[in-house]
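Enquirer: Below is a structure I'd like to ask you about.
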Amino acid sequence: MAGDSTANDRPDAEDRFVFFGGKGGVGKTTVSSAYATRCAAAGLDTLLVSTDPAHSTADVFDQPLGDDPRPVDGRENLWAMEIDPDAEVEAHMNRIRRSLSDQVSPAIVNEIDRQIELAHRTPGAHEAALFDRFVDVMRSREEYDRVVFDTSPTGGTLRLLSLPELLESWIDRLVRKRTESIDLYEKAAIGERQATSVDEDPIVARLRERKENFEFAGRVLREDAAFFFVLNPDELSIRETERAIADLAEHDLGVRGLVVNRLTPAPDDHEDGRGARYLRARRETERERLATIRSTFDAPVVATIESRVEEIRGEHLDAVADALDVDAAAAAASDARSG
Amino acid sequence: MSLADRIAAYREYLREVLHGLYHGMIEHPAYELIEKEAEDREDEFLLACFADAFGVPSPASYYTAELLPYLAEEFEQWERRMWDRSSVLERKGQQYHF
């Protein structure tokens, strides 16, 4: 059953972190929830993290979820959380304000406040906040055998994944500039400003701490993470997936597999009404598209899921989980052996 | 006062004058130059950190905002300098004392 997916490049890698990405509306939440359920059922302590600003994990499991991991009712070994970037941005801003008022006089605080406000209203702030939470979750990995990320639609996720590289070089430059200016002040040793050495500088320390954080994230993404793309059998979805995979490859991240969702179900053989003919015609086109998907992409198709009439929640989730050919069970077995 | 003492005193005086001259002409401008350079470098650093204060979007301003508690005073002075500084030429010209 897991035969298809063991054919990939790193069958033995331990995928602590599994990301599901794809275009908006292809069913990422359903697939990632189903996958998480499956991992949990296989005996792995699993955390499902939703990063899509329009959360719908709570709807899938039919219970309220929050910004912190909480156990999912009625499912063993399964925890879930919905990251709220707004709340994180707000909290970050307040932390800075608090430490600001600890350090400097109130007159200056007002001046600086504008800048803090500004920095937290920039378009990048949401992504940065989301990224911080990602790293938090990754750092607390010991608590879980597997963390499943239901990511926001393609663009956002990819930008998020490219952040470590981008910011590492950015921070390098900042540290260099800061070091140079400290060095020069030291040489001149003038003015009321006391010459501090680079190692004592709280700013350099802070920047290095940040850099370490980015390096950690980059490393984890490259070494401990697996990416799956969810797509529908339609042109738009296929093309977007193609682009997304190319983008990931640019960051040295490979795609483990594809999940094709929303396939049209077949009518019974004896049926020959208009509806049945429509379904058959559609299935024919989809079969061709599926063939295209299998031939264009290097990544294997690990599951095909048929459309369902009802919303997928509750027991339907188990049915979808069964359709997933991702090797949760095999991984659990090998974990048990090695542990 | 012996001749030797007078010569010694004169040499002391001469040394002070020469040192003053040296300090005024060479040493001080050099230190000033380094100081200016350090300030310029710091300005660059602040600009790289807080480019968004001047409407240039920065990918890292969310993170550099964390530095503000340590940089508050410098930041405030810097912001004022950036708005006030009439031209780079003027600032560069300050090192020549005509």
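Enquirer: Which parts of the range A:89-108, residue by residue, lose 40 Å² or more of accessible area when the rest of the protein chains are there, as against the chain isolated (1.4 Å probe)?
Expert: A:92, A:96, A:103, A:108
Enquirer: What is the local net charge at residue A:269, summed over the other residues whose Cβ is closer than 14 Å to its Cβ (Lys, Arg +1; Asp, Glu -1)?
Expert: In short, 0.
Enquirer: What is the average number of partner chain Cβ atoms found within 10 Å of a Cβ in A:164-171? Please list the in-between numbers first.
Expert: Values: counts 0, 0, 2, 4, 0, 0, 7, 3.
If you average over the peptide's residues, the count of other-chain Cβ atoms is 2.
Enquirer: Now, a different point. Could the peptides B:42-51, A:134-143 be put in order, highest first, of the mean number of other beta-carbon atoms found within 10 Å of their residues? Don't skip to the end; give the middle numbers.
Expert: Details: B:42-51: 20.9, A:134-143: 14.9.
Output ranking for B:42-51, A:134-143: B:42-51, A:134-143.
Enquirer: Of A:137, A:163, A:254, which is farthest towards the positive pole of chain A's charge dipole, taken about the Cα centre with +1 and -1 on the beta-carbons of Lys, Arg and Asp, Glu respectively?
Expert: A:163
Enquirer: Taking only DSSP H segments of four or more residues, each worth -39500 (n - 2.57), what value at 222 nm results for the protein assembly as shown once the sum is divided by all its residues, to the nearest 500 deg cm²/dmol? Please report the intermediate quantities before stating the final value.
Expert: Details: 17 runs with 257 residues, N = 437.
Computed mean residue ellipticity for the protein assembly as shown: -19500 deg cm²/dmol.
Enquirer: What lysines does residue A:177 reach when the alpha-carbon gap must be under 28 Å and sequence neighbours fewer than 8 apart in one chain are set aside?
Expert: Within reach: A:187, A:211, B:36, B:92.
Enquirer: So for each of A:177-185, A:51-59, B:27-35 I average, over its residues, the number of other beta carbons within 10 Å; can you give me the resulting order with the highest mean first?
Expert: Top of the packing list down: A:177-185, A:51-59, B:27-35.
Enquirer: To continue, here is another question. Kindly express, to the nearest 10 degrees and within the range 0 to 90, the angle between helix A:154-188's C-alpha long axis and the longest C-alpha principal axis of chain A.
Expert: 10 degrees
Enquirer: While we're here: Label points 7 Å out from Cα along the Cβ direction at residue A:169 and residue A:117: separation in nm?
Expert: Modelled inter-label distance: 3.5 nm.
Enquirer: Would you mind putting A:33-42, A:113-122, A:220-229, A:16-25 in packing order, based on average other-beta-carbon counts within 10 Å, highest first?
Expert: On the way: A:33-42: 26.1, A:113-122: 17.8, A:220-229: 20.2, A:16-25: 22.1.
By packing density, highest mean first, the sequence is A:33-42, A:16-25, A:220-229, A:113-122.
Enquirer: For residue A:45 paired with residue A:285, estimate the spin-label separation in nm (one decimal), with each label point 7 Å from Cα along the Cα-to-Cβ line.
Expert: The two pseudo-label positions are separated by 4.8 nm.
Enquirer: How big is the dipole moment of the protein assembly as shown about its Cα centre under a simple scheme where the beta carbon of each Lys and Arg is +1, that of each Asp and Glu is -1, and everything else is neutral? Debye, nearest 20, please.
Expert: Values: 54 positive and 88 negative charges, 179 e Å.
So the magnitude is around 860 debye.
Enquirer: For residue A:24, list long-range residues whose amide hydrogen, built 1.01 Å from N in the peptide plane, is under 5 Å from its own amide hydrogen.
Expert: A:154
Enquirer: Tell me the total accessible area that B and A bury against each other, 1.4 angstrom probe, in square angstrom rounded to 100. Walk me through the numbers before you get to the answer.
Expert: Details: alone 8150 and 18360 Å², together 22780 Å².
Interface between B and A: roughly 3700 Å².
Enquirer: Next question. Provide, as a two-decimal number, the C-alpha radius of gyration of the protein assembly as shown over 2.2 N^0.38 Å, N being how many residues it has.
Expert: Details: Rg = 30.7 Å, N = 437, 2.2 N^0.38 = 22.2 Å.
Ratio of Rg to 2.2 N^0.38 Å for the protein assembly as shown: 1.39.
Enquirer: May I pose another question? Considering protein heavy atoms only and a 1.4 Å probe radius, which residues within the range B:47-67 exhibit an accessible-area decrease of no less than 50 Å² in the full assembly relative to the chain by itself?
Expert: Flagged in the range B:47-67: B:48, B:52, B:59, B:62, B:63, B:66, B:67.
Enquirer: With contacts defined as alpha carbon pairs under 8 Å and 6 or more residues apart, what's the relative contact order of chain A in percent? If you can, show how the numbers build up before the last one.
Expert: On the way: 480 pairs, mean separation 93.1, N = 339.
Value for chain A: 27 percent.
Enquirer: First select every other residue whose beta carbon is under 10 angstrom from the beta carbon of residue A:104; then total the charges, Lys and Arg +1, Asp and Glu -1. Walk me through the numbers on the way to the answer.
Expert: On the way: positive: none; negative: A:102, A:111, B:73, B:76.
Net charge in that neighbourhood comes out at -4.
Enquirer: Right, here's the next one. Quick one: length gained pulling residue B:40 to residue B:28 fully straight, 0.36 nm per residue minus the C-alpha distance? Walk me through the intermediate numbers first.
Expert: Details: separation 12, 0.36 × 12 = 4.32 nm, distance 1.78 nm.
Going from the current span to full extension adds 2.5 nm.
Enquirer: Rounded to the nearest 0.05, what FRET efficiency is calculated for residue B:15 and residue A:94 with R0 set to 41 Å and r the Cβ-Cβ distance?
Expert: Values: r = 61 Å, r/R0 = 1.49.
Here the calculated transfer efficiency is 0.10.
Enquirer: Using only Cα atoms, find the angle between the long axis of helix A:274-296 and the longest principal axis of chain A, and express it within 0 to 90 degrees, rounded to the nearest 10.
Expert: 50 degrees
Enquirer: Lys/Arg Cβ at +1, Asp/Glu Cβ at -1, dipole of chain A taken about the Cα centre: which of A:77, A:32, A:278 is farthest positive-ward?
Expert: The Cα lying farthest towards the positive end belongs to A:278.
Enquirer: Right, here's the next one. Enter the accessible area per residue of the range A:7-338 (Å², integer; probe 1.4 Å; all protein chains in place). Working shown, then result.
Expert: Values: 16060 Å² over 332 residues.
Accessible area per residue, the range A:7-338: 48 Å².
Enquirer: How far apart, in nm, are two points set 7 Å out from the Cα along the Cα-to-Cβ line at residue A:62 and at residue A:268?
Expert: 2.8 nm
Enquirer: Quick one: net charge around residue A:232, please, counting Lys, Arg +1 and Asp, Glu -1 for every other residue with C-beta under 13 Å from its C-beta.
Expert: My count for the surroundings of residue A:232 gives +1.
Enquirer: Right, next: Carbon and sulfur atoms: what percent of the 1.4 Å accessible area of chain A do they account for? All intermediate terms of the calculation are to be shown ahead of the outcome.
Expert: On the way: 7670 of 16530 Å².
For chain A, the apolar C and S fraction of the accessible surface comes to 46 percent.
Enquirer: Under the rule of at least 5 residues apart or a separate chain, name every residue whose amide H is placed under 5 Å from the amide H of residue A:72.
Expert: A:78, A:79, A:80
The values are calculated or read from the model by the stated rules, or taken from the named source; none is laboratory data. All values reported here derive from a predicted model rather than from experimental measurement. For neighbour counting, all protein chains shown are included, and Cβ atoms are generated from backbone atoms with ideal geometry for every residue, glycine included. Accessible surface is based on the protein model in full, side chains and every heavy atom, while ligands, DNA and RNA are left aside. Shrake-Rupley method; radii C 1.70, N 1.55, O 1.52, S 1.80 Å.
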